[in-house]
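S.K.: Handing you this structure, nothing more for now.
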Amino acid sequence: MAAAFPNTTPDHTSDEVESGSLRQAMRQFATGVTVVTTGRARYHGMTANSVSSVSLDPPMVLCCVGRTATMHEAIHLSRSFAVSVLAGDQAELAGYFTDRTRPRGRSQFDGVDWRPGPHTGAPLLGGCLAWLECELSEVHPGGDHSIFVGAVVSASWSTAREALLFFDGAFGSIAGDPR
């Protein structure tokens, strides 16, 4: 016998899935928030919630980047990227790295607390929950995006316990278990 779940009747349905209906549906999926950065050949940062673990052995993660985004070319040129997982109090930093009017190149990191990653030189942002440095290992087409798979060459984390989330077009936070 199937269990009944309350409030599972859709408020909206779209039989023709286009970018607008997909965007609306995906707004209901709460995600963590990161800033993906590159160094070496091209310094750039981009707020992203399309980051995911791929494999533990070998350690790999992916990030999805629009083909027209500045970050797309930056990852191709740098052949590496870093991921800074934002803490609950870093919504302003997330907003900064979505602002298309911010400076370009290394100067976009002026006034931002960061240090160069020891393996890739990509900026690792201060005050975050975790940091990953990745060497680019694979690129896959994904519609209007590319799926960049990176071999994780370093991973570190903090003891901060509040994570920044993105849900329904807005930032929020959630506290973790203080173990």
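S.K.: Would you check which residues across segment 88-116 are more than 17 Å from the chain's Cα centre (by Cα) and either in a loop (DSSP other than H, G, I, E, B) or on the phi > 0 side of the Ramachandran plot (or both) and list them?
M.R.: Across segment 88-116, the qualifying residues are Thr101, Arg102, Pro103, Arg104, Gly105, Asp110, Gly111, Val112, Asp113.
S.K.: Of all residues in segment 140-162, which are at pLDDT below 95, part of a strand (DSSP E or B) and open to solvent by less than 40 Å² (accessible area, probe 1.4 Å)?
M.R.: Hit for segment 140-162 is Gly142, nothing else.
S.K.: Among (1) of a type outside the set (Asp, Glu); (2) touching a residue at least 24 places away in the same chain (Cβ under 8 Å); (3) over 22 Å from Leu164 (Cα atoms), which single condition is Gly95 missing?
M.R.: In the conditions (1) of a type outside the set (Asp, Glu); (2) touching a residue at least 24 places away in the same chain (Cβ under 8 Å); (3) over 22 Å from Leu164 (Cα atoms), Gly95 misses (3) alone.
S.K.: In segment 75-87, what count of residues is obtained for those that are in a loop (DSSP other than H, G, I, E, B) and crowded, with 17+ Cβ neighbours inside 10 Å?
M.R.: Taking segment 75-87 as the starting set, the residues that turn out to be in a loop (DSSP other than H, G, I, E, B) are 79, 86.
Checking the rest, the ones that are also crowded, with 17+ Cβ neighbours inside 10 Å come to 86.
Of the residues in segment 75-87, 1 are in a loop (DSSP other than H, G, I, E, B) and crowded, with 17+ Cβ neighbours inside 10 Å.
S.K.: Name every residue in segment 35-47 that is of a type outside the set (Phe, Trp, Tyr) and closer than 21 Å to Thr101 by Cβ, in order of residue number.
M.R.: First, pick out the residues of segment 35-47 that are of a type outside the set (Phe, Trp, Tyr): 35-42, 44-47.
Result: Val35, Val36, Thr37, Thr38, Arg42, His44, Gly45, Met46, Thr47.
The values are calculated or read from the model by the stated rules, or taken from the named source; none is laboratory data. Since we're looking at a predicted model, the values are computed, not measured. Glycine also receives a Cβ, built like all others from the backbone with ideal geometry; neighbour counts cover every protein chain displayed. Ligands, DNA and RNA are stripped out before the accessible areas are found, and what is left, the full protein with its side chains, is counted by its heavy atoms. Shrake-Rupley method; radii C 1.70, N 1.55, O 1.52, S 1.80 Å.
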